[in-house]
Amino acid sequence: MSRADLGRRVPCAVCGFEARSFGYCHQLRRDRHPYYRFCSMRCLTVGSANAQRNFGMIDKSDMEMRAIREARRELAAALTEMGLMAPFFDRPTADIDRVIEACVDGFQASMQRQSDAGDCPF
(Lines give C-alpha, C1' and ligand atoms only; values in the text may rest on other atoms or scores of the structure.)
Protein backbone atom coordinates (compact mmCIF):
# COMPACT_ATOMS: atom_id res chain seq x y z
CA MET A 1 0.00 0.00 0.00
CA SER A 2 1.45 3.35 -1.02
CA ARG A 3 1.71 6.42 1.17
CA ALA A 4 -0.92 8.13 -1.01
CA ASP A 5 -3.32 5.23 -0.38
CA LEU A 6 -2.83 5.54 3.36
CA GLY A 7 -3.60 9.26 3.21
CA ARG A 8 -6.85 8.68 1.35
CA ARG A 9 -8.15 6.16 3.87
CA VAL A 10 -8.06 8.38 6.94
CA PRO A 11 -11.53 9.15 8.32
CA CYS A 12 -12.79 12.72 8.56
CA ALA A 13 -12.38 14.03 12.13
CA VAL A 14 -15.96 15.35 12.12
CA CYS A 15 -18.21 12.98 10.19
CA GLY A 16 -16.12 9.84 9.70
CA PHE A 17 -16.29 9.81 5.88
CA GLU A 18 -13.05 9.33 4.00
CA ALA A 19 -10.82 12.39 4.47
CA ARG A 20 -9.68 14.30 1.41
CA SER A 21 -7.15 17.11 1.06
CA PHE A 22 -8.43 19.23 3.94
CA GLY A 23 -6.37 19.44 7.11
CA TYR A 24 -6.04 21.52 10.25
CA CYS A 25 -3.42 21.88 12.94
CA HIS A 26 -4.01 24.46 15.67
CA GLN A 27 -1.63 27.42 15.29
CA LEU A 28 0.26 25.32 12.70
CA ARG A 29 2.16 23.75 15.62
CA ARG A 30 2.31 20.07 14.67
CA ASP A 31 4.85 19.54 17.45
CA ARG A 32 2.23 20.56 20.06
CA HIS A 33 -1.18 19.86 18.53
CA PRO A 34 -2.71 16.99 16.58
CA TYR A 35 -3.21 17.23 12.83
CA TYR A 36 -6.83 16.61 11.79
CA ARG A 37 -8.05 15.59 8.35
CA PHE A 38 -11.43 16.38 6.86
CA CYS A 39 -13.56 15.30 3.90
CA SER A 40 -14.84 18.75 2.89
CA MET A 41 -14.58 22.48 3.53
CA ARG A 42 -17.77 22.23 5.57
CA CYS A 43 -16.24 19.68 7.95
CA LEU A 44 -12.96 21.62 8.01
CA THR A 45 -14.82 24.79 9.03
CA VAL A 46 -16.74 22.99 11.79
CA GLY A 47 -13.71 21.03 13.01
CA SER A 48 -11.28 23.95 13.03
CA ALA A 49 -13.78 26.18 14.89
CA ASN A 50 -14.24 23.42 17.48
CA ALA A 51 -10.47 22.99 17.81
CA GLN A 52 -9.96 26.73 18.26
CA ARG A 53 -12.54 26.80 21.06
CA ASN A 54 -10.82 23.84 22.72
CA PHE A 55 -7.21 25.02 22.36
CA GLY A 56 -6.32 22.67 19.52
CA MET A 57 -8.30 19.62 20.55
CA ILE A 58 -11.47 18.60 18.77
CA ASP A 59 -12.72 16.28 21.48
CA LYS A 60 -11.42 15.79 24.98
CA SER A 61 -10.49 12.27 25.93
CA ASP A 62 -12.34 10.54 28.76
CA MET A 63 -9.24 10.95 30.92
CA GLU A 64 -9.12 14.71 30.23
CA MET A 65 -12.82 15.14 31.01
CA ARG A 66 -12.41 13.19 34.25
CA ALA A 67 -9.35 15.23 35.25
CA ILE A 68 -11.26 18.48 34.71
CA ARG A 69 -14.23 17.20 36.75
CA GLU A 70 -11.92 16.13 39.58
CA ALA A 71 -10.06 19.46 39.50
CA ARG A 72 -13.31 21.27 40.29
CA ARG A 73 -13.03 20.22 43.95
CA GLU A 74 -9.51 21.60 44.22
CA LEU A 75 -10.53 24.85 42.57
CA ALA A 76 -13.54 25.18 44.90
CA ALA A 77 -11.33 24.54 47.93
CA ALA A 78 -8.80 27.19 46.82
CA LEU A 79 -11.55 29.73 46.03
CA THR A 80 -13.21 29.10 49.40
CA GLU A 81 -9.91 29.45 51.23
CA MET A 82 -9.29 32.81 49.56
CA GLY A 83 -12.88 34.00 50.12
CA LEU A 84 -13.61 34.08 46.38
CA MET A 85 -16.18 31.29 46.11
CA ALA A 86 -19.33 33.49 46.09
CA PRO A 87 -19.01 34.74 42.47
CA PHE A 88 -18.42 31.17 41.24
CA PHE A 89 -21.08 29.42 43.32
CA ASP A 90 -23.97 29.66 40.83
CA ARG A 91 -21.87 29.46 37.66
CA PRO A 92 -22.55 26.57 35.26
CA THR A 93 -20.01 23.75 35.27
CA ALA A 94 -18.98 24.68 31.71
CA ASP A 95 -17.76 28.07 32.98
CA ILE A 96 -15.82 26.46 35.83
CA ASP A 97 -14.29 23.99 33.36
CA ARG A 98 -13.20 26.92 31.14
CA VAL A 99 -11.38 28.47 34.10
CA ILE A 100 -9.61 25.18 34.85
CA GLU A 101 -8.67 24.65 31.19
CA ALA A 102 -7.39 28.23 30.89
CA CYS A 103 -5.15 27.74 33.91
CA VAL A 104 -3.79 24.42 32.65
CA ASP A 105 -3.30 25.71 29.10
CA GLY A 106 -1.59 28.88 30.33
CA PHE A 107 0.73 26.86 32.53
CA GLN A 108 1.61 24.47 29.70
CA ALA A 109 2.12 27.29 27.19
CA SER A 110 4.47 29.08 29.58
CA MET A 111 6.45 25.90 30.19
CA GLN A 112 6.70 25.32 26.43
CA ARG A 113 7.87 28.90 25.77
CA GLN A 114 10.46 28.68 28.53
CA SER A 115 11.84 25.38 27.24
CA ASP A 116 11.81 26.70 23.65
CA ALA A 117 13.91 29.64 24.91
CA GLY A 118 16.43 27.24 26.44
CA ASP A 119 15.32 27.73 30.05
CA CYS A 120 15.37 24.10 31.10
CA PRO A 121 15.44 23.11 34.80
CA PHE A 122 17.85 20.22 34.25
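The values are calculated or read from the model by the stated rules, or taken from the named source; none is laboratory data. Values in this document were obtained by computation on a predicted structure and should not be read as measured data. Using ideal geometry, Cβ is built from the backbone for each residue, glycine included, and neighbour counts are taken over all protein chains shown.
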Among the candidates Phe107, Phe55, single out the residue that is at pLDDT below 95, part of a helix (DSSP H, G or I) and closer than 26 Å to Asp31 by Cβ. Phe107
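Let's see how each residue does on (1) in contact with a helix residue (DSSP H, G or I) (Cβ under 7 Å, 6 or more places away or on another chain); (2) surrounded by 11 or more Cβ atoms within 10 Å (Cβ to Cβ):
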site	(1), (2)
Thr45	no, yes
Ala51	yes, yes
Asp62	no, no
Met65	no, yes
Gly83	no, no
Arg91	no, yes
Asp105	no, yes
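Restricting to region 80-94, name every residue that is assigned to a helix (DSSP H, G or I) and under 24 Å from Arg53 (Cβ atoms).
Across region 80-94, the qualifying residues are Pro87, Phe88, Thr93, Ala94.
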